Amino acid sequence: MRKFTYIVIMALAVVVSCKRNGTSGLHSKVFEKNYEAPIVEGRNDSIFVDVSIEYPSSGMDKEIMDRMTYEIVHHCLRDSVANASEIEEAVDRYIDDVVENCRLECVERLQDMDEEEGYFGEIRWGDSVDGHFNGGYKDLVSYISVYWFNPGSIHGTLESKCIVMDKRDGHVVPEEELFVENYAPALGEILSANLHNSFEDESAYDAIFVKDIMPNGNYFVDEKGVSYIYGEYEIGPRILGEVVVSASWEELADLVSEDYR
């Protein structure tokens, strides 16, 4: 079996105080791990993986924090955490999956590069996950995972995914639970009316190709209201990046379910 030389492997856990909008009293830790290695031994092509996950550590009932941590880790690392019992184990599995996928994907590319006369390019494969608390409102706390991925191309891709958790028991609250029945058409009208406010530049708004938007499930809450994140190409061209559209609690007064008013 071929041995690969590890350049950098670093892990750390630091304590931070989480007191941003609605998360007052909830304290957290951040687990970080950074990995870098050659894609293939003997070449300068490389892969790096950076993972940072903020999770609750004190200030709430342990059972609730454990539930929230479970939801957070599965949200951040997706399929890589199956049967993992600790955050570090889940992160290690995620990194192993990314590295294995990179090496499988790059075999043919590296062969083509070797056969191309006069080509001296290198592949720099990158993968990053940054999960952190992002405010909250009353019994709700928001969490966002920001994913960045670049398979050695000119441009990487950025994606932000949100979950909202109930601090009373730690479960994830889908938008169908936050709002009353048949909420989508009315909420879509509010978001569409507020879409223009997401841009300072009129030309940016003009570039949007979907102006009658609907809720997409990718939302977070704070003291001001509810915000939806629309990804690259979802409602506009890539140059606009992700688009965040917000609605105030006042605008949503008739749509929020009794449990979260």
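The values are calculated or read from the model by the stated rules, or taken from the named source; none is laboratory data. All values reported here derive from a predicted model rather than from experimental measurement. Every residue, glycine as well, gets a Cβ built from its backbone with ideal geometry; the counts of neighbours run over all protein chains shown.
Assorted remarks:
- Filtered residue count, the range 227-244, keeping only those that are β-branched (Val, Ile, Thr) and over 17 Å from the mean Cα position of the chain (by Cα): 2
- Taken as a whole, the structure places Ile163 among residues that are closer than 21 Å to Leu26 by Cα and among the β-branched types (Val, Ile, Thr).
- Scope the range 145-165; condition of a type outside the set (Gly, Ala, Ser) and crowded, with 20+ Cβ neighbours inside 10 Å; matching residues: Ile163, Val164, Met165
- Single residue of the range 134-157 satisfying the filter (in a strand (DSSP E or B) and within 25 Å of Leu110 (Cα to Cα)) that is modelled with the lowest pLDDT: Pro151
- Single residue of the range 171-182 satisfying the filter (touching a strand residue (DSSP E or B) at 6+ places or on another chain (Cβ under 9 Å) and not charged (D, E, K, R)) that is farthest from Leu252 (Cα to Cα): His171
- When Pro174 is tested against the conditions (1) modelled with pLDDT of 95 or more; (2) more than 28 Å from Lys211 (Cβ to Cβ), the lone failure is (2).
- Meeting the requirement of 3 or more residues that are surrounded by fewer than 17 Cβ atoms within 10 Å (Cβ to Cβ), on the phi < 0 side of the Ramachandran plot and not assigned by TED's automatic domain parsing to the domain that holds Tyr55, the helices (runs of 4 or more DSSP H) wholly within the range 170-261 are 184-194, 202-207.
- Ser160 in the same structural domain as Met65 (by TED's automatic domain parsing) and free of Cβ contacts under 8 Å to residues at least 40 places away in the same chain: no
- Entirely in the range 1-93, the strands (runs of 3 or more DSSP E) that have 3 or more residues that are under 30 Å from Lys224 (Cα atoms) and at pLDDT below 70: 8-18
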